[in-house]
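The values are calculated or read from the model by the stated rules, or taken from the named source; none is laboratory data. All values reported here derive from a predicted model rather than from experimental measurement. Counting neighbours? That spans all protein chains shown, and the Cβs are built from the backbone with ideal geometry, glycine included.
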Amino acid sequence: MNIELINTNERFILINNGNKDKSLNIDKHSVKASISVGVPKNNEKVLTRIENVKGIIGCIQLVSGHYLMIFKEHNHVATVTGKKIYQMKDVELIPFFPNQQSLVSIPDQDAEEQHLSMIRWLLSSENFYFSYDYDFTLTLQRQYSTTTTTTSGSSLGERCDSRFFWNEKYVTILSKEHGLGDWILPITMGFVESKTLGGTCQFTLISRRNLNRSGTRYNVRGIDKKGNVANNVETEQIIEIKENTFTSFVQVRGSIPLLWSQFPTLKYKPSVKFYGDEKENSQALEQHFKQLHQLYGSTTVVNLIDRKGAELKLGEAYEERVKSLKDVHYVWFDFHSICKGMRYDKLSILMDQLKDDLKQYGFFFVEDGKIVQKQQGVFRTNCIDNLDRTNVVQSLITRHSLENQMASVLNKQIPSTTFKGDQFEYVFKNIWADHGDAISTQYSGTGALKNDFTRTGKRNFQGVLRDGENSVKRYYLNNFKDGFRQDSYFLFTNPSVDLTTAKQHESKPPSPLIWIFSFVFAAIFLANLYLPSATSSIGGFISQTTVLVGSVFFALKLAMKYQASIVDKPTLFKLDSIYKN
């Protein structure tokens, strides 16, 4: 698709592939859209022209007025059932009127610039995907299971899953009137990668991030009262043999579905706080699993958290409630304890516990355009972050599903060597490792830990060092940068937020710990001045060491005491409020 955008003083005119007779017109005063001839009127002044626009994200309203969100580049990442999927790139926000910001107060102008930077940061992350003709928000099973009366003549925007339709609230001006719906282009945050196996077989991995309860690692945990959980991602692995012949296997991840939080406090592992009473927690959890059952059928819960510390309390509370549910099989596998010492071979213990459900749930299989079998259930995997341990286990589950697919149906379609050998191992492991890094970066700010095992099949010392590096980065980002990132998620997914009363996000200093280190160095300086200069003596050495250690300890105690003014927190909403709605 190549769209020419003509920006006049009265409207936006969007001409698709030179078809001026059916151009999209967006009136800047009424903020309404219509289809008409795409030629500026004599009394209209053309402000700018942009050629080769690839799609419209929608219209967003900030304090000064509306902005048209577009993107000018895309990257072809996969083809599924003959339809192309793209990665969205080069986003631009165009104000309806060039001088609209000057009509509001200086503080509002400053706040709006910040809000614009939040939206640009989120949309320019290269984590959004779309298709012009493929319903990217629906799994293949749901696409094939939808009745023809539902999809006949409807646009992508009318039949997609709202959980993954990230720009749904920004395309409301493109109503169901004839022709307007064709301009709706749903975008989804997630991951897509595809590789060819054996010359003809296409291996594709697609993940879709739920926009409800979206956000960053420590700022958004658990569940809300509507059953939405944090870091909720649906992952679909597709094996396409030939045209209209393919398999699909779907699994999900999401935060432990209880009312709990773990807000950043400068501690490496912040304390867990529980919310609500027994009834509220049970109702939220039951609502969540009801939704899972409606979407996927039976559910196997794979809980990978520790059986000690704060994770133990979460696990016990989760286990107590979930075991009373019907059609839910609960498995608690203490990943860190069982696999300690890099003994990842012990994951076979977990797979033995899941093998019966894997066979029972099966997978979706279409042969020559006809449904042969459907997937009857889903694996819901979680750890504390639903990132590192989760990605390792999800990759193993889908590998075992692939073995079942080969043994039952694919052996009649492709050579038995397709899913064996170096090429398959390289493709499978690297796609799943790329997937782990992408999903982790969206939530935590860094790539996944333990990803050396996913990428190579082995745990090694170099991978442990890389995990240490990423852990340090996570600590810094989660404590000193995630307030801005959380506000960005919240602003884009909640367009109804009142920005006229919202506080401006106050950026923290480049390093909030500068003053702490300054205190330490000052203490060292004073120690050199007033303590015995004969540091070669035992007494002088002990004195200076005591001052240094004491200064560091005192500075850290001060940091913990005043962490509220150091940690970068979101300002567009109160953190506790996301557990009370």
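Condition check for Leu266 on (1) outside any loop (DSSP other than H, G, I, E, B); (2) on the phi > 0 side of the Ramachandran plot: one failure, at (1). Within the range 415-432, can you find the residues that are surrounded by 18 or more Cβ atoms within 10 Å (Cβ to Cβ) and either farther than 20 Å from Thr235 by Cβ or in contact with a Pro (Cβ under 9 Å, 6 or more places away or on another chain) (or both)? Answer for the range 415-432, where residues must be surrounded by 18 or more Cβ atoms within 10 Å (Cβ to Cβ) and either farther than 20 Å from Thr235 by Cβ or in contact with a Pro (Cβ under 9 Å, 6 or more places away or on another chain) (or both): just Thr418. Would you say Gly198 is closer than 24 Å to Phe365 by Cα and at pLDDT below 95? In short, yes.
Yes or no, residue by residue, for (1) within 28 Å of the chain's Cα centre (by Cα); (2) more than 21 Å from Thr216 (Cα to Cα):
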site: Val378; (1), (2): yes, yes
site: Val409; (1), (2): no, yes
site: Ala433; (1), (2): yes, no
site: Asn451; (1), (2): yes, no
site: Thr454; (1), (2): yes, yes
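Mind checking whether some residue in the range 386-395 is among the hydrophobic types (A, V, I, L, M, F, W, C), in contact with a Phe, Trp or Tyr (Cβ under 7 Å, 6 or more places away or on another chain), crowded, with 24+ Cβ neighbours inside 10 Å and not in a helix (DSSP H, G or I)? Yes: one or more hits. Limited to the range 337-374, what total is found for residues that are charged (D, E, K, R) and touching a residue at least 12 places away in the same chain (Cβ under 8 Å)? Of the residues in the range 337-374, 6 are charged (D, E, K, R) and touching a residue at least 12 places away in the same chain (Cβ under 8 Å). Counting the residues of the range 298-349 that are surrounded by fewer than 20 Cβ atoms within 10 Å (Cβ to Cβ) and farther than 25 Å from Lys374 by Cβ gives 29. Report yes if Arg455 is closer than 30 Å to Leu312 by Cα and modelled with pLDDT under 95, otherwise no. Yes, satisfied. Of the set (1) under 23 Å from Ala438 (Cα atoms); (2) part of a helix (DSSP H, G or I), all apply to Ile85 but (2).
Kindly establish whether Gly181 is over 30 Å from Gly445 (Cβ atoms) and free of Cβ contacts under 8 Å to residues at least 40 places away in the same chain. It is true that Gly181 is over 30 Å from Gly445 (Cβ atoms) and free of Cβ contacts under 8 Å to residues at least 40 places away in the same chain. Scanning the range 442-465 for residues that are part of a helix (DSSP H, G or I) and surrounded by fewer than 18 Cβ atoms within 10 Å (Cβ to Cβ) gives Thr456, Phe461, Gln462, Val464, Leu465. Taking the listed residues Gly297, Gly315, Gly362, the one that is touching a Lys or Arg at 6+ places or on another chain (Cβ under 8 Å), at pLDDT 95 or above and at positive phi is Gly362, with no other qualifying.
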